[in-house]
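Scroll down for the structure; my scribbles are underneath it.
The values are calculated or read from the model by the stated rules, or taken from the named source; none is laboratory data. This one's a predicted model, so the numbers in the text were calculated from it and none came from an experiment. Because the Cβ atoms are built from the backbone with ideal geometry, glycine has one as well, and the counts that use them run over all protein chains shown.
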Amino acid sequence: MKKEENMKKEKNTREKYYEPLMKNLEKIQIDRGITQKAMGEYMDMDHSQYSKILKGSSGISIPQLAKLASGLDMRIIDLFTYPDIYVLETETDDKVESILQIKLSKRQKQRVFETLFDNKTINILE
């Protein structure tokens, strides 16, 4: 029973992560007109080993992906998201304009304005 569960998990993992990555590597290879031999060389392996990786009969490591990404002048994450490019959402320095409305008596308004404008006399229009 445990063995069947493990096999099912492995299959789900392969379908969810590995197969889409292999499809992306094939797309990159085709889009860029690169041979399997060149793709293998980027990872310091023979083209037959690269072919086995694409077929799923051999695995691929993070260091191999790093070498491939470097050879393709890409980031590792973009191998997974291809043809899209992963863009990290960053904080922006956009300034937010806000308006604050406070109900004050005439005297309170005068004191607020004096505080804001260094005690200079300001005539408040009613």
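Based on this model, can you work out whether LEU104 counts as free of Cβ contacts under 8 Å to residues at least 40 places away in the same chain and in contact with a helix residue (DSSP H, G or I) (Cβ under 6 Å, 6 or more places away or on another chain)?
Details: free of Cβ contacts under 8 Å to residues at least 40 places away in the same chain: yes; in contact with a helix residue (DSSP H, G or I) (Cβ under 6 Å, 6 or more places away or on another chain): no.
So LEU104 does not fit the description; no.
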Residues of the stretch 24-72 satisfying the condition of being in a loop (DSSP other than H, G, I, E, B) and out of contact with any Lys or Arg (no Cβ under 6 Å at 6 or more places or on another chain): GLY33, ILE34, THR35, ASP44, MET45, ASP46, GLY56, SER57, GLY59, ILE60, SER61, LEU72
Would you point out the residue of the stretch 66-86, among those that are of a type in the set (A, V, I, L, M, F, W, C) and either under 17 Å from LYS16 (Cβ atoms) or in contact with a strand residue (DSSP E or B) (Cβ under 7 Å, 6 or more places away or on another chain) (or both), that is surrounded by the most Cβ atoms within 10 Å (Cβ to Cβ)? LEU79
Would the stretch 21-34 turn up any residue that is modelled with pLDDT under 75 and aliphatic (A, V, I, L, M)? no
Just to be sure I understand, how many residues within the stretch 98-126 are modelled with pLDDT of 65 or more, surrounded by 10 or more Cβ atoms within 10 Å (Cβ to Cβ) and in a loop (DSSP other than H, G, I, E, B)? 3
Given the condition assigned to a helix (DSSP H, G or I), of a type in the set (Asp, Glu) and surrounded by fewer than 10 Cβ atoms within 10 Å (Cβ to Cβ), answer yes or no: does some residue in the stretch 3-22 qualify? yes
Let me spell it out: the conditions are (1) modelled with pLDDT of 95 or more; (2) closer than 25 Å to LYS11 by Cβ, and GLY59 meets all of them except one. Which number is the exception? (1)
State yes or no: is LYS95 at pLDDT below 95 and assigned to a helix (DSSP H, G or I)? no
